[in-house]
1. Taking the conditions exactly as written (outside any loop (DSSP other than H, G, I, E, B), charged (D, E, K, R) and within 40 Å of the chain's Cα centre (by Cα)), does GLU61 satisfy them or not?
2. Would you mind stating whether SER106 is assigned to a helix (DSSP H, G or I), within 42 Å of the chain's Cα centre (by Cα), of a type outside the set (Asp, Glu) and farther than 30 Å from GLU16 by Cα?
3. What's the number of the only condition in (1) among the small types (Gly, Ala, Ser); (2) in a helix (DSSP H, G or I); (3) closer than 30 Å to GLU3 by Cα that SER29 fails to meet?
Amino acid sequence: MEEPSVLFAKLEASGEEDVRIKLMQHIWSEPRTVALINGWLASKDKARADAAAAKRDAREEETLAIAKDALSTAKAVALEAAAANKIAESANRVASDSNRIASEASRWARWAAIIAAIAIAIATKDQILALIF
């Protein structure tokens, strides 16, 4: 039987796929060698699974970071929207008050126009009477 380090070097040189094929063809017959080869293949499977898990974990961490950023942005936008809503409510109150004041001013302006028309009629009554008679 070969030393494990020599065997592992040969396995690395052959490549995992070739080793699996040879194992299925029963190229190796010694139980200890077969056990070492199965252990080597299991370590390759585990390394591949660990790499996949590390990639998955990295993706999950990135997704979590993106979600946290999105939540932070959403909270900031909500605060800004609340502030904008308060400003809009204040502007609405000012506009409503301005409308009420303008309506009152218009009413007083109509009265002023009526009073002015009456004053003109009184001031020119003699001329009007002279024209009529």
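The values are calculated or read from the model by the stated rules, or taken from the named source; none is laboratory data. Note that this is a predicted model, so its numbers are computed, not measured. Cβ atoms come from the backbone with ideal geometry, glycine included; neighbour counts cover every protein chain shown.
1. Details: outside any loop (DSSP other than H, G, I, E, B): yes; charged (D, E, K, R): yes; within 40 Å of the chain's Cα centre (by Cα): yes.
It is true that GLU61 is outside any loop (DSSP other than H, G, I, E, B), charged (D, E, K, R) and within 40 Å of the chain's Cα centre (by Cα).
2. Values: assigned to a helix (DSSP H, G or I): yes; within 42 Å of the chain's Cα centre (by Cα): no; of a type outside the set (Asp, Glu): yes; farther than 30 Å from GLU16 by Cα: yes.
Taking the combined requirement at face value, the residue does not satisfy it.
3. Status for SER29: all satisfied but (2).
Yes/no per residue for (1) of a type in the set (Ser, Thr, Tyr); (2) modelled with pLDDT of 95 or more; (3) surrounded by 10 or more Cβ atoms within 10 Å (Cβ to Cβ):
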{"residue": "ALA95", "(1), (2), (3)": "no, yes, yes"}
{"residue": "ALA113", "(1), (2), (3)": "no, yes, yes"}
{"residue": "ALA121", "(1), (2), (3)": "no, no, yes"}
{"residue": "LEU129", "(1), (2), (3)": "no, no, no"}
{"residue": "ILE132", "(1), (2), (3)": "no, no, no"}
